[in-house]
Amino acid sequence: MPNSLNNQSSPYLQELSEQPVDWHPWGKAAFQLAKQIDKPVIVSIGYSSCHWCRQMSRENYEDSYVASIMNRHFVCIKVDREERPDLDLFYMEAARMFNQSAGWPLHAFCLPDGSPFWCGTYFPKEDNGQGIAPWPQVLMRIAEHFRKGRHELEENGKNALENLLHTNNSSLSDPREWKPDILIQAGENLCQSHDDEWGGFTPAPKFPSPMKIDFLFSLGEAQTVRQNTGFSMKLDSCIKHTLGAMANGGLFDHVNGGFFRYCLDREWKSPHFEKMLSDNALLVSTYSRSLRKYQNPRDKKIILKTLEWIEEEMGSPDKGYASSLSAETNEMEGAHYLWTESELYEALGKAQGKQLEELWGTFAKSPDPLFLPRLVDEDLLSVERQEEIFKELCKNRKKLTSPKRDEKRSCFQHALLARAYLDAGIALGDQIWIRKAKNLLIWMETSFSQPDGSVCALLYPDKQKSSWAFLEDYTLWAEAVLNFASVCEGLGLGGNEIWIEKAETLISQAVEQFKDPTLAGFYTSSNQMQDSGPVSKKPWYDHATPSGNSSIMRCFHLLGVLGKNCKKWKQEYSEALGAYPKLAQQTPDGIGHALCAITEATVGTLRITAPELIIQEVTSSMKNKPYRPIFLKKSEEIKLLNNQSTIQTSAASAQAIIEKIWF
C-alpha cells in the first residue's frame, strides 16, 4: 500500500512511495500528527543521485522489520534536498552543531515541533565492523531516550534553535570596517591552504572549488596584485595546479565527459560517481576563464567535452536539463564508469587492454579487478592515443543503460548553465554556445515564471511547477541575465536594456521577499513561504553552488552601475558589504563567490560605448584576454567608464580600446 509520498511531484520522493515506512512529505500535517500522538520526528533528507541515500534505503527502509520500528516510534518525514534546500541548510547546520559528520542521507531526530535534538547520516542495518551503530539500534535508543529523558532532548532542541538563530548574524560587521586589503589577505590565506603537491584547497575528501578559483582569477586582475610579481605567480600556480589535477585525474570522466561530484582521496583518483548539472556548469565557466587567460589547449578540450556530455546526456534546450545523474547503475556505485578486464579486452583488444590495466592500476575489486580510465603521463602513452582510446570506450559504453537521471528542472541550475554557455562561447570564440545561452534564458522565462511575475524553483516531470522559489533562484538568474546583457550588443544579439530590466525586476522581488528588515543579509526562504523550517537561515557560505547572499552582492554592484535605480542598488551593496569583513578574515574559503563579487566591484566594471564595428571587434578579442566584467553598448560616441567614473582616453579604434582595458 502506498505511503503519503505517492502524490508528490518529486521523482525522488515518488520512488519511495511504495516503501513500508509510513513516510510523510514535509508539511504542517506531519507535525500536527507528531504532536497529536506525541512522538519524535525523523526528518530524512536525501536526493536522487546519491548512492548512500539509495544504499540506506535498500538496507533499511525497504525492510519490513526496520520499517515497523520507525513507524511504531516516530513520525517519519522524507525530504528531497534539491526540492527544499532551505530545510537541508537548516538541518545540515544543526548536524555540524551536534559535532556530527555532514552529508547525505541526513537524518535529523526532532521534537514534534521540528526542533532537532540529534543528527546523523548513513547507518547500516547491521554492525558492519566500521564503527557505525546499526540503524535499528539507533532508533530504539532514541525512542527510549524520548520516553525516559525527554527533558534533556527538549533542552537540546531549544539550544539548537537558539544557536541556529544566532549564527544568522554572528559575523555581521560595520560596512566601514571593509578595507580593500582584506581581499589580498583572503587570497593569501587561500593560497596557504592550497595543496601544492596534489592541488585543491582542502584535505581529502576533495571537492571542486570553482568559486574559490574564480575569486583568485578576479584578484589576479587587480593592479596591485599584478604589480606584486611573487603573489601574482603564486595565484597562477594554485589555479593552474588545481585545474590541471581536476582535469587529468579521476574527478573528470575522460570517457563520457563531465565531472563527478568529488574525490574521496587527496590525489584526485577515487571519485564519488554522481554527476550534477550545477557542478558541471560552474566548472565550464571556471575552465573558460582559464582558457581565456592561459590559452591552454587542455582547457578547451575539457570545456567542449563537458558541454557535449550535457547536451547528449542531460536534456535539450527546448525541454530543459535534468538536475543530476545517479552515482549507481544496477545498485552498484560507479558501474557505468568502471571496466572489468573482459570489458576492456572486448572494447580494445587484449594487448591494448593489458597495457591500460598496468597504466591505470586497479581501482577496486568487486570481486574481480575494476579499472577507471584516467589520463597518464604522455611519456607512457601519447595524449592523442589516449583520446582515441577514450572515444572507443565511449562508443562501447553507449550500448549499456545509462545511470538514472533526476528529471526535475531546477531554476538556479539552468541559470548557472546559461552563464556556462555564455562563458564558453566567449572563450571558444563560438557563437553557437552564446546563442544557446540566449535561447536557454528565453526558455527559463516561460518555464520558471509564475503568472504573478514571481519565480518557481522547479519544473517537475509531470509539468507541475513548485509554488515556491528560493533566494538563489532569483539571484543566480539575475546574474546570468546580466552576463548576457554585457555582450549581447557586441555579438549582434539585440539590445541590452530589456535584459538589464529583467535583472532589476528579479532583484527587486528578491529584496521584497528575502531581505532581513533589521540586519544585513537575506534569508534563503521567502517571507511568503508556506511550510518553512523552524528557523529561516541566511545562506552566507558557498557550498556546491554560490550562496544567495554572495550572488545578490554581485547583482547589487552591477545594477548600481547599470540599473535605472542605481542609487538604491549602491545603497543595498553598501549595506550587504557589512556582513563580510569578519567572514573574509575568518573563513575566506567559504565565501569565494562573495569575494569574487567584491573584487570585481573594487577593480571596477567597465562600460564601453562605441560604434558597432568597434564593439564587435572588442567582443571578439575577449577570447584571448583575461576575464573582467565589461558591458558593451553601441553608440556613435566612444566612451569608457570604470563603474561610473569616466576614463580619459583618446582611443579611436578597437585596438586602442583593447590596449587601454588590458594594459
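Spread over its residues, the convex hull of the C-alpha atoms of the range 234-278 is 80 Å³ per residue. Can you tell me how the range 161-204 classifies by the Cα gyration tensor, rounded, prolate or oblate, using a/c under 1.5 as the rounded cut? It is oblate, given that a/c is not under 1.5 and a/b is not larger than b/c. Maximal additional length on extending the Glu358-Gln571 stretch stands at 70.6 nm, based on 0.36 nm per residue less the C-alpha distance.
Each part reduced to its alpha carbon centroid, the range 280-294 and the range 462-527 end up 23 Å apart. Round to the nearest 10 and give me the degree value, 0 to 90, for the angle of helix 135-148's Cα axis relative to the longest principal axis of the chain. It is inclined by approximately 70 degrees.
Computed from the Cβ-Cβ distance with R0 of 25 Å, the FRET efficiency linking Ala204 to Ala544 stands at 0.90.
Out of the DSSP beta bridges found with both residues in the range 572-663, what percent are antiparallel (nearest 5)?
Values: 6 of 11 bridges.
The antiparallel fraction comes to roughly 55 percent.
Here each label is just a point 7 Å from Cα along the line to Cβ, and for Glu445 and Leu613 those points are 3.2 nm apart. The angle between the Cα long axis of helix 612-621 and the longest principal axis of the Cα atoms of the chain comes to about 60 degrees, rounded to the nearest 10. Rounded, prolate or oblate: which fits the range 1-142 when a ≥ b ≥ c are the square roots of the eigenvalues of the alpha-carbon gyration tensor, with rounded for a/c under 1.5 and prolate only if a/b beats b/c? Rounded is the answer for the range 1-142, as its axis ratio a/c remains below 1.5. Over the range 497-574, accessible surface divided per residue gives 41 Å², non-protein components excluded, 1.4 Å probe.
Which semi-axes, in whole Å and largest first, does the equivalent ellipsoid of the chain have when worked out from the alpha carbon gyration tensor as the square roots of 5 times its eigenvalues? Write down the numbers at each step before the final one.
On the way: eigenvalues 329, 210, 104 Å².
Each semi-axis is √(5λ); the values are 41, 32, 23 Å.
Antiparallel beta bridges, as assigned by DSSP with both residues in the chain, represent about 75 percent of the total such bridges. Taken as Cα centroids, the range 370-400 and the range 558-617 sit 43 Å apart, rounded to the nearest whole angstrom.
Report, as a whole number in µm² per second, the diffusion coefficient that Stokes-Einstein gives for the range 332-450 at 10 °C and 1.306 mPa s using the Kirkwood radius over alpha carbon pairs. Walk me through the intermediate numbers first.
On the way: Rh = 17.5 Å.
It comes out at roughly 91 µm²/s.
Given the Cα-Cα distance of Ala652 and Lys350 and 0.36 nm per residue of separation, how much length would full extension add, in nm?
Details: separation 302, 0.36 × 302 = 108.72 nm, distance 6.43 nm.
Full extension from Ala652 to Lys350 adds 102.3 nm.
The Arg147 and Asp113 beta-carbon pair, evaluated with R₀ = 30 Å, returns a calculated FRET efficiency of approximately 0.95.
Please list 198-207, 39-48, 591-600 highest first by mean number of surrounding beta-carbon atoms within 10 Å per residue. Present the calculation step by step, with values, prior to reporting the outcome.
Values: 198-207: 18.6, 39-48: 23.1, 591-600: 27.3.
Packing proxy ranking, top to bottom: 591-600, 39-48, 198-207.
Its alpha carbons give the range 589-629 an Rg and a Dmax of 13.6, 42 Å.
Against the empirical curve 2.2 N^0.38 Å, the C-alpha radius of gyration of the range 183-231 lands at a ratio of 1.19. Rg then Dmax, both in Å and based on the Cα atoms of the range 243-330: 12.9, 43.
Shape analysis of the range 71-219 yields a ratio of the Cα radius of gyration to the Kirkwood radius, Rg/Rh, of 1.07. The range 90-132 and the range 164-229 have Cα centres separated by 30 Å.
Here the calculated FRET efficiency for Asn642 and Lys158, from their Cβ-Cβ distance with R0 = 51 Å, stands at 0.50, rounded to the nearest 0.05. Separation of the alpha carbons by more than 22 angstrom is noted, of Lys212/Lys293; Lys391/Lys623; Lys293/Lys567; Lys234/Lys275; Lys301/Lys404; Lys564/Lys633, for Lys391/Lys623; Lys293/Lys567; Lys234/Lys275; Lys301/Lys404. Computed over the chain, the per-residue total of -39500 (n - 2.57) for DSSP H runs of n ≥ 4 gives a 222 nm mean residue ellipticity of -15500 deg cm²/dmol, rounded to 500.
Taking the solvent-accessible surface of protein heavy atoms with a 1.4 Å probe, what is the per residue accessible area of the range 112-220 in Å²?
I get 48 Å² per residue for this part.
Length available on full extension from Leu519 to Lys582: 0.36 nm per residue minus the Cα-Cα distance, which gives 21.2 nm.
At a 1.4 Å probe, what is the % contribution of carbon and sulfur to the accessible area of the range 423-573? If you can, show how the numbers build up before the last one.
Numbers: 2840 of 5490 Å².
It is 52 percent, rounded to a whole number.
Computed from Cα positions, the angle between helix 64-73 and the longest principal axis of the chain comes to roughly 90 degrees. Which of the three applies to the range 515-602, rounded, prolate or oblate, going by the alpha-carbon gyration tensor with a ≥ b ≥ c and a/c under 1.5 meaning rounded? Oblate, because a/c is 1.5 or more while a/b does not exceed b/c.
The values are calculated or read from the model by the stated rules, or taken from the named source; none is laboratory data. This structure is a prediction, so every number in the text was calculated from the model and none was measured. Ideal geometry is used to build each Cβ from the backbone, glycine not excepted, and the neighbour counts take in all protein chains shown. We work out accessible area using only protein heavy atoms, side chains counted, and drop any ligands, DNA or RNA first. Shrake-Rupley method; radii C 1.70, N 1.55, O 1.52, S 1.80 Å.
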